[in-house]
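The values are calculated or read from the model by the stated rules, or taken from the named source; none is laboratory data. All values derive from a computational prediction rather than experimental measurement. All Cβ positions, even for glycine, are placed from backbone atoms using ideal geometry, and neighbour counts span all protein chains on display. Calculation scope for accessible area: heavy atoms of the full protein, side chains included, ligands and nucleic acids excluded. Shrake-Rupley method; radii C 1.70, N 1.55, O 1.52, S 1.80 Å.
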Amino acid sequence: MAFAGLKKQINKANQYVTEKMGGAEGTKLDLDFMEMERKTDVTVELVEELQAKTKEYLQPNPTARAKMAAVKEGILADCMLTYGKKLGEDSIFANALVEMGDSLKQMADVKYSLDDNIKQNFLEPLHQLQTKDLKEVMHHRKKLQGRRLDFDCKKRRQAKDEEVRGAEEKFAESLQLAQVGMYNLLENDVEQVSQLVTFAEGLLDFHQQCADILRVLVEVLNEKREEAAARPKSEFVPKTLADLNIETLGSQDGMNGGTPFLSSRASPLPSPMRSPARTPMPAKPAQPCCTALYDFEPENPGELGFKENDVITLIQRVDENWFEGSVNGRTGYFPQSYVQVTVPFP
């Protein structure tokens, strides 16, 4: 640093200490200038705080930010989609899970679009204001403070007129630059309000898109609920061990020549010779079949129509709700809830 520059720094420091410790009066600027300084200081704090709070609004905390990549795919959406597909397309509840999972994924994508929009049209202009315009204004104010101290010091010490005049000119130059910079900053309401409008429009668009997605979802889920309520409830008959061809204790004893298990109420042993008066029971048909409980009118190709009390030969169980069978030379699919199985599958 040159000697002249060092001397100027010493003068400014001397004047600063004299004003703070010795009670010396410095040059006072008018109230309008002081009000501009106050508003500029508030703007500096506002821009810094607004950026931080907006980022927190978009992505609440570091932990949440780390999970946002997963949220984009939709943690909850993925859960519903995965288990909806595992349950199978024949389940109304599974279909409803898939519908809601798809809707949540759409909402996650809309949220990311909001983040990108706000960052580009609100946060980036704020960052530019902080790093360029505000930085330049604060630089002029700092320079003004230093030149004011230098000017007051030379006046107080009664320096040469030439030195005082030079300090005064620099002080006046910095004063004008600082005033113009603060004025331009504080009178830029149109651009700053426009940025707020962009932010509000982004939020409105986000919530409208989410509302539209949820509105459609609610309609679909209501339809699924009505479909589930209208579906006839199937009669469930639990299978026995015999139905599953599982050997029981009684069957094993019979096979081994032992005495089968008797109830507590004794009954005479059957005669090895069949009584001529006893009519033999007809043999149980081996072919699986069922009896129609109601009339069934087919609505889709491949379905088998029948009338109440028709006996339908069972070919296979398609799933938990549908059979494939044949009646009167016709073959097709029909719902289990419309029939009663009389001869189950082996």
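Worth pointing out:
- Candidate set: segment 226-244, residues that are free of Cβ contacts under 8 Å to residues at least 40 places away in the same chain and over 16 Å from Gln340 (Cα atoms); chosen: the one farthest from the chain's Cα centre (by Cα): Ala242
- Under the condition of being open to solvent by less than 100 Å² (accessible area, probe 1.4 Å), farther than 26 Å from Glu89 by Cα and out of contact with any Gly (no Cβ under 6 Å at 6 or more places or on another chain), the residues counted in segment 307-319 number 2.
Let's see how each residue does on (1) open to solvent by less than 70 Å² (accessible area, probe 1.4 Å); (2) within 23 Å of the chain's Cα centre (by Cα); (3) free of Cβ contacts under 8 Å to residues at least 24 places away in the same chain:
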{"site": "Gly101", "(1), (2), (3)": "yes, yes, no"}
{"site": "Lys142", "(1), (2), (3)": "no, no, yes"}
{"site": "Lys160", "(1), (2), (3)": "no, no, yes"}
{"site": "Val164", "(1), (2), (3)": "yes, no, yes"}
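Per-residue answers, yes or no, for (1) open to solvent by 30 Å² or more (accessible area, probe 1.4 Å); (2) at pLDDT 85 or above; (3) closer than 30 Å to Pro335 by Cβ; (4) not hydrophobic (A, V, I, L, M, F, W, C):
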{"site": "Leu177", "(1), (2), (3), (4)": "yes, yes, no, no"}
{"site": "Met182", "(1), (2), (3), (4)": "no, yes, no, no"}
{"site": "Glu187", "(1), (2), (3), (4)": "yes, yes, no, yes"}
{"site": "His207", "(1), (2), (3), (4)": "yes, yes, no, yes"}
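- Residue within segment 149-156 that is surrounded by 14 or more Cβ atoms within 10 Å (Cβ to Cβ) and among the acidic types (Asp, Glu) present: yes
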